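Chemist: Structure below; questions to follow.
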Amino acid sequence: MVRTDSDRAFPGWSVASSCSRNARHDGGLSNKLNKLENKVTTMALPQDAPPARYLDDMKTGLRFAGKARVVREREIIAFARQFDPQPFHIDTSLADQTLFGGLIASGWHTAAMTMRLLLEAFPIGEGTIGLGSEVTWPNPVRANDSIHIEGEVSAVKPSRSHDDRGIVTVRAETKNQNGEVVQAMTANLLVFRRKSKSV
């Protein structure tokens, strides 16, 4: 069974197993788990995040950038244990003996963190809906790196069959504190027009 954040918060328990035990008295543990799940799933974007953009706001050359986040060793290991359990992601001693010369984040972890940074720096009305992307990882992310995102709209293509939407192509680079690119991405996003207010 895959371990979740709630497993670490309440050792020996998982969301799935707690649901099967609801019929028994558990000292309020189920309520604690429910509150924890609600807290995670309702996590809001920062209050100072820019307003959501719609197709009407998009134009080629539009740039965006976001705040930095520091990547902790425990995050790297926790993510990799669940999704990419390779020595250079989960074991500091073994990682020293690999090509990378130390612990590095999984590329998929970098992609996930980039997604969060993208949501904060470039929120899109009706949600960020991907239609496909190309991703490269020129440099690894290491513990205590501070990463941020810089991007630009490279194309805007209104739909011919649906007046309320279009495809926006975004190129984004995730960089560390030294300005090194740790992820380069080109993504096609489905973006809707702003709904007109009823009179």
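Only the coordinates and a few stated rules stand behind these numbers; no lab work does. Just so it is clear, the structure is predicted and the values come from calculations on it, not from any experiment. Using ideal geometry, Cβ is built from the backbone for each residue, glycine included, and neighbour counts are taken over all protein chains shown.
Chemist: Among 163-173, 87-97, how do they line up by average Cβ neighbours within 10 Å per residue, starting with the highest?
Modeler: Most protected by this proxy first, the peptides run 163-173, 87-97.
Chemist: How high is the relative contact order of segment 38-178, in percent, counting Cα pairs under 8 Å that sit 6 or more residues apart?
Modeler: Once divided by the residue count of segment 38-178, the mean separation gives 32 percent.
Chemist: Could you sort 124-130, 185-191 so that the peptide with the highest average Cβ count within 10 Å comes first and the rest follow in order? Before the final figure, lay out the partial values.
Modeler: Values: 124-130: 15.4, 185-191: 20.1.
Most protected by this proxy first, the peptides run 185-191, 124-130.
Chemist: Placing unit charges on C-beta atoms (Lys and Arg positive, Asp and Glu negative, everything else neutral), compute the dipole magnitude of segment 89-199 about its Cα centre in debye, rounded to 20.
Modeler: 700
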